[in-house]
Amino acid sequence: MAKLSIRDLDLRGKRLFLRVDFNVPLEKKDGGMVITSDKRIKASLATIEYALEQGAAVIVASHLGRPKGKVNPDMSLRPAAARLAQLLGGKVKVAMAPDCIGGQVAQMLPEPGEVLVLENLRFHPEEENNDPEFSKALAALADLYVNDAFGTAHRAHASTVGMIAYVSKAAAGLLMEKELQYLGKAVTNPERPCVAILGGAKVSDKIEVIVNLIGLVDRLLIGGAMAYTFLKAKGEPVGKSLVEDDKLELAKQLMEKAGGKLLLPIDHVVTESLSGDALEGTTVTVIPADKLAVDIGPATIEAYKQVISGAATVIWNGPMGVFEKPPFDKGTVELARAVADSGATSIVGGGDSEKAIKSAGVASKISHISTGGGASLEFLSGIELPGVAALTEK
C-alpha cells in the first residue's frame, strides 16, 4: 500500500514533528565537536524547506551515535543544528533545545516558519525501548508527524514507531518517499531484465537478500569474499580466501534454487597478504593454496559487464573485492562504471557500495543511492520495515 506523503498534508500553521537522520560523523577539534560530513543533513534539507514554505513550524528530531540512554555532550546534536542553520542560508530561526521532552522544550516550541532542533533522542533509554509514555511526550509536541529517516526505518523505536499512535497523521518525507519509490519498484515490479550485484564479506549477512532476490531478478552476480563460500561449496579451491565454512551447505542450497541465474567469478586477483604498502595482485583462474582472492579478475569483469549492459534495472549492494586497498578496487570500480553507462534504472544500497560509486566518479549517473545501509538490506530482503509500516496509508 502507498503511504501518505508530506505533500498530502495541510501544513499551514501546524507544528510538524520531523524525524530525520542527522547521525553525522563528528570529531573533536579545539575542544569542541566538528561535523566531518554533512551529507545526512543535506539529504533532508528539501523536506525541511518544503515544510517551512508550506507554513509549518518544524520540530526536527534525530539520534546521534550510541549514547546508551545517557547524556553525552560529545553526541549532542548542537553542531548539526548549527550546520542546518547555515544550510538554510541564515534566513530561518533555528533554535536548539536542551532536551527532546519536558517543560523547557515545551516553552521553546517554534512558530510557523521556524525550526526547533531537539536534543539527541537516544539520551533517553525510552527511545530505543519504544516506551509508550516517552512516545506520548514526543507526540504531544506536534500536530503532525513526518518520517524522513529511512536509515532508521528498520528500528521500532519511540520516534520511528511508538509516537505515531498518538498523532493524527503520519507521512513520509521527500527523502523517505524517494527511497520507497525506487526500492519498492525494485522489489515488486522491476523493469526487466533485472540484474542484482551482491558483494561484501559474508553470505550470512545477506542470506535473506539472496533468497528474496533469487525469486525476483533475472541475473544475480556475486563478488566479494562471499563468492568464495559459494565456490568452495562447488568444490573449487579457494586457497586462503575468506570462507564461512558453516555456510557451505546453505550456499549449495542457494545455488540449486537459483539455477542459471547465479553467476560466480571465473577468475580472481590473488595476493599473499593484505599487509604492507605496495600491494600487488596476480590474476588466476585457479586459486593457489598459499594465496587469497582479493578481487574479481578481468574475465569476470567482462562477463559481468556484458550482463549489466543489457539490464533495465540494476540493484547493487556490496563491493567486488577489497576495494579500500587499491589496486584491489578495480573490479568494483569497473562495474560501477558499467552500471552508470548501462542506462538502466540503478539502485545502490548505502555504505561501501556508495563509497565505491563515488570513488569511480559516477554517483551523478546512478538513479538512486540509498541513505539506509541496514534498512535497504532489510527492504531488499522482503522484510517490512517497522518505521514504514507505521505510516498512515493513503
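The values are calculated or read from the model by the stated rules, or taken from the named source; none is laboratory data. Note that the structure is a prediction, hence the values are computed from the model and not measured. Backbone-built Cβ (ideal geometry, glycine too); neighbour counts: all protein chains shown.
Of the numbered criteria (1) outside any helix (DSSP H, G or I); (2) surrounded by fewer than 16 Cβ atoms within 10 Å (Cβ to Cβ); (3) out of contact with any helix residue (DSSP H, G or I) (no Cβ under 6 Å at 6 or more places or on another chain), the one Pro112 fails is (2).
Filtering segment 258-276 to residues that are under 16 Å from Leu221 (Cβ atoms) and either among the basic types (Lys, Arg) or in a strand (DSSP E or B) (or both) leaves Lys261, Leu262, Leu263, His268. Of the residues making up segment 350-388, those that are part of a loop (DSSP other than H, G, I, E, B), touching a residue at least 60 places away in the same chain (Cβ under 8 Å) and not small (Gly, Ala, Ser) are Thr371, Ile383, Leu385. Screening segment 11-45 for residues that are touching a residue at least 24 places away in the same chain (Cβ under 8 Å) and acidic (Asp, Glu) and picking the one that is nearest to Glu114 (Cα to Cα) gives Asp21.
Going by what's in this entry, would Leu183 be described as crowded, with 24+ Cβ neighbours inside 10 Å and among the aliphatic types (A, V, I, L, M)? Judged against the criteria, Leu183 is not a match.
Of the residues making up segment 298-314, at least one is in a loop (DSSP other than H, G, I, E, B) and within 25 Å of the chain's Cα centre (by Cα).
Residues in segment 6-32 that are surrounded by 18 or more Cβ atoms within 10 Å (Cβ to Cβ) and either touching a helix residue (DSSP H, G or I) at 6+ places or on another chain (Cβ under 7 Å) or part of a strand (DSSP E or B) (or both): Ile6, Leu11, Arg15, Leu16, Phe17, Leu18, Arg19, Asp21, Phe22, Asn23, Val24, Leu26.
Answer with yes or no whether Arg78 is closer than 28 Å to Phe134 by Cα, loosely packed, with under 12 Cβ neighbours inside 10 Å and out of contact with any Leu (no Cβ under 9 Å at 6 or more places or on another chain). Here the answer is no, as Arg78 does not meet what is asked.
Here's the yes/no breakdown for (1) of a type in the set (Lys, Arg); (2) at pLDDT below 95; (3) surrounded by fewer than 21 Cβ atoms within 10 Å (Cβ to Cβ):
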site	(1), (2), (3)
Gly310	no, no, yes
Ala336	no, yes, no
Lys355	yes, yes, yes
Ser376	no, yes, no
Ser381	no, yes, yes
Glu384	no, yes, yes
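Just so you know, in segment 138-155 the residues that are in contact with an Asp or Glu (Cβ under 7 Å, 6 or more places away or on another chain) and modelled with pLDDT under 95 include one that is surrounded by the most Cβ atoms within 10 Å (Cβ to Cβ), and it is Phe150.
For the condition charged (D, E, K, R) and touching a Leu at 6+ places or on another chain (Cβ under 6 Å), Lys169 qualifies. Checked against (1) assigned by TED's automatic domain parsing to the domain that holds Val294; (2) part of a strand (DSSP E or B); (3) not aliphatic (A, V, I, L, M), Lys206 passes all but a single condition, namely (2).
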